[in-house]
Amino acid sequence: MIWKTAWKNVWRNKVRSLVVIISVTIGIFGGVFAVAVMNGAIQQRVDAALNEEISHIHINNPSFRDNYDIRLFLPDADSIEALCRQIPGIEAVTQRVILTGMANSARKSTGVQIVGIDPDREKQVFGLHRRTMEGTGDFFETESRYNLAFIGHALAKDLNIVRYLIDQSTIDRLKDRGLPEETAEKLIPFIGFRFSGEKDFNNEMKQCLSLNEQTSYGRLIKEEAWTFRERSRMTLTFLDANQMQTGAVFRIAGIYDVKNNAFESGQVFVRNEDLRRLTGLTGHQVHQMVIRIADLDRTDEISGLLSQKLPGLEVMNWKEIQPDLAMMTGLVQQFYLVFMIIILAALAFGIVNTMLMVVLERTRELGMLAAIGMNKKRVFSMIMLESVFLSLVGGVVGMIFSRILILMTARNGINFSNYEEGFEAMGYSSHIYPVISTGFFIMVTILIILTGILSAVYPALKALKLDPAEALRTE
Amino acid sequence: MKVLEIKNLHKIYNTTQIRVHAVNGIDLDFEEGEFAAIVGPSGSGKTTLLNLIGGLDKPTEGEILVNGVNLSTLKSSEIIDFRLRNIGFVFQSYNLIPVLTAGENVEFIMGLQKWDRKKRDERTRELLKAVGLEERIHSRPSKLSGGQQQRVAVARALASKPQFVLADEPTANLDSKSTETLLEIMESLNREERITFIFSTHDARVVKKARRVITLEDGKILSDETRN
């Protein structure tokens, strides 16, 4: 009876209740969707890091990471690998040779980490091969008698291996993809120009296009003007097994794009066989074992087991290799909670105000209810329930709307391409797929109920203080 | 059988400037099935007396015993529960819950007493039939006339079969026809259910129907007349 009465009381003053409900709806909708976007970005970052950059567990010589000395191998790598493969939960293992060196093109040179890999085994541990940019080649799939390197998009730009070129066919393709005639005409003076750097190209585009055109079509123009010269080459220099400076020309096998400038600029992948030949290393000499596990929740357990079985070697799981990732996955949940609490706390003031009005307006009725035998506990519960219903209706509607928007945007993602450079500089993709767990919705529902209860405490206490005889005399 | 005993009852209101002796040494007994009116001019202490009997206010001195239970000995939470089970109220301005239907208003007290659904439905229909509003069971108070609302209030007051019903000026807002109907209904319920009715009233028509008339003046009993 109390529940039914409380529910009907919510709709006693429809306009006032709807104002509160709509404000809760907007607050929850905005909050949940914002969290879903943040969560999507972070989850994409973590997924990318684990699938394309570091995987789950590394085994190194304990001193190797201090100076990346070529002589600090893993002792008896094959035995270590055999031991790893016996542990249940380990999905794949790959061996790497890692050197530091310089990447040089005709125009520029930059410091890089040169990673010698076995491409077939690497594919079992990493998904980097799936991030090969269209038209730039492949992940060492084409046979070649030359040394091959698989490099990042950012490094390709740094070394001027990619270029921006506008010709008539570029403009025709842009028109086909929806570029307005008026904007296309502004590009005609650039026909035949070749921009060796992205920065130069951007500067020219900023001068000839309006801000609106840059926002709407800048990314499209860049995509079409982007060119890659096949069989581009670069030189990699490094120290060999005898600590002698050596190097070789490498052809670009392909370019990968993981939307993380730092990784793309610093990691060059080459075939183990090429690197061994150039450094004089033997087939058993590797610097790192990289392990992929089946269940991420067992990370600590498996890395702990490996540490026990491999005393004297450095076993690091992804949380230790990149503590920022571990922090993000752990801390971010608390941040979402605080974020939603702040939103609900702001909404709570509106609910308190409404419930105070409710008590004030219904003084006589509350007096009557006390007179006919409704005890304080029930009066308190009725006011609590009204407040919870008010907040819960708004909250549930807000969550439904946010869920719909999340589903709508999760399919194609939200494109923040205008801020692409900023996102990629931080290692995040500018194309975000919002995502949120069912657990988060449950947490928000609990928070909404708590907000309703807390918002009703003061008004309900005021109602309990009413003297029934006096309240009944109220006009 | 006595359902209500009032012994040497006093109620004094002390405000900052004046001291009002609203009820001044009243002794009264009510038997089961009485149909009594408390009359008197404004300020004579009628409503105060009713509030004291109903446990809505505490006496300054004296005792009120309902079926032998002294209300002064009960804690405030116990008094509320005692009211729920033993006392029915009818107010001057009906005081129905506007968001509930007539049936739900009647059912409300039974719900508070945790009667089972079937018993509640039966009793609600029985009472609404008794007050002639069975067909308005699903109507909200706003769709009922003042007289009809007061009849629903009477049905609500009787819902949990109380020891007695206290009605404070129940006909004050009703026209003569509605007053007549309401009084007939209350009288017949009083006879059928043997429930004691105690009114405070100014209304001569109520006084005429009452079988006992207690006249108050300045908080004291001026006369206590029983009719046959």
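Each reported figure results from applying straightforward, stated rules to the coordinates on display, with no laboratory input. Since the structure is predicted, the reported quantities are computational estimates derived from the model, not experimental observations. Counting neighbours? That spans all protein chains shown, and the Cβs are built from the backbone with ideal geometry, glycine included.
Based on the alpha-carbon set only, what is the convex hull volume of chain A divided per residue, in Å³?
191 Å³
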Of the residues B:E34, B:E187, B:E122, which exhibits the maximal mean-square fluctuation in a Gaussian network model of chain B defined by a 10 Å Cα contact cut-off? B:E122
Counting every C-alpha pair in segment B:132-228, the percent lying more than 21 Å apart is 36 percent
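Within the protein assembly as shown, what percent of beta bridges assigned by DSSP are antiparallel, to the nearest 5?
70 percent
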Summing -39500 (n - 2.57) over the DSSP H runs of n ≥ 4 in chain A and dividing by its residue number, what mean residue ellipticity at 222 nm do you reach, to the nearest 500 deg cm²/dmol? -18000 deg cm²/dmol
Residues A:D138 and A:A82, FRET efficiency given R0 of 51 Å [Cβ-Cβ distance, rounded to 0.05]: 0.95
If I fit a long axis through the Cα atoms of helix A:323-361 and take the longest principal axis of the Cα atoms of chain A, what angle between them do I get, 0 to 90°, rounded to 10? 20 degrees
Candidate aspartates and glutamates - alpha carbon under 16 Å from B:K114, same-chain residues fewer than 8 apart omitted: B:D81, B:E104, B:E122
Alpha-carbon centroids, segment A:8-83 and segment B:166-221: separation in whole Å: 74 Å
hull vol. (C-alpha, convex hull) per residue for segment A:162-228, Å³ -> 74 Å³
Where does the Debye-calculated log10 I(q)/I(0) of segment A:221-262 sit at q = 0.15, 0.34 Å⁻¹, using only Cα point scatterers of equal weight, no solvent? -0.61, -1.07
Candidates per trypsin sites (Lys or Arg not before Pro) in segment A:75-145, loop by DSSP, up to 10 other Cβ within 10 Å: A:R145
If one puts a single equal scatterer on every Cα of segment B:56-113 and applies the Debye formula without solvent, what log₁₀ I(q)/I(0) results at q = 0.16, 0.29 Å⁻¹? -0.64, -1.26
Cleavage-rule hits (trypsin sites (Lys or Arg not before Pro)) in segment B:61-140: DSSP loop, at most 12 neighbouring Cβ within 10 angstrom: B:K75, B:K114
Quote the Stokes-Einstein diffusion coefficient, in whole µm² s⁻¹, for chain B, based on the Kirkwood radius over alpha carbon pairs, a temperature of 4 °C and a viscosity of 1.567 mPa s. 72 µm²/s
Write out the GluC sites (Glu not before Pro) in segment B:42-103 meeting two conditions: DSSP loop, and at most 10 other Cβ atoms within 10 Å of their Cβ. none
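Net charge around A:A149, counting only other residues with Cβ within less than 10 Å of its Cβ (Lys, Arg = +1; Asp, Glu = -1)?
Charge balance in the 10 Å sphere: +2.
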For the pair A:D176 and A:H284, the simple spin-label estimate (label points 7 Å beyond Cα toward Cβ) gives in nm 5.7 nm
Selection from A:Q267, A:V37, A:G178 lying farthest towards where the dipole of the protein assembly as shown points positive, charges on Cβ: A:V37
Straight-line reach from A:K14: which aspartates and glutamates have a Cα under 17 Å away, not including same-chain ones fewer than 8 places off? A:E361, A:E386
Hey, which of these cross-link pairs are over 23 Å Cα-Cα: B:K129/B:K161; B:K2/B:K58; A:K199/A:K259; A:K157/A:K186? A:K157/A:K186
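State the antiparallel share, in %, of DSSP beta bridges confined to chain B, rounding to the nearest 5.
DSSP beta bridges in chain B are roughly 55 percent antiparallel.
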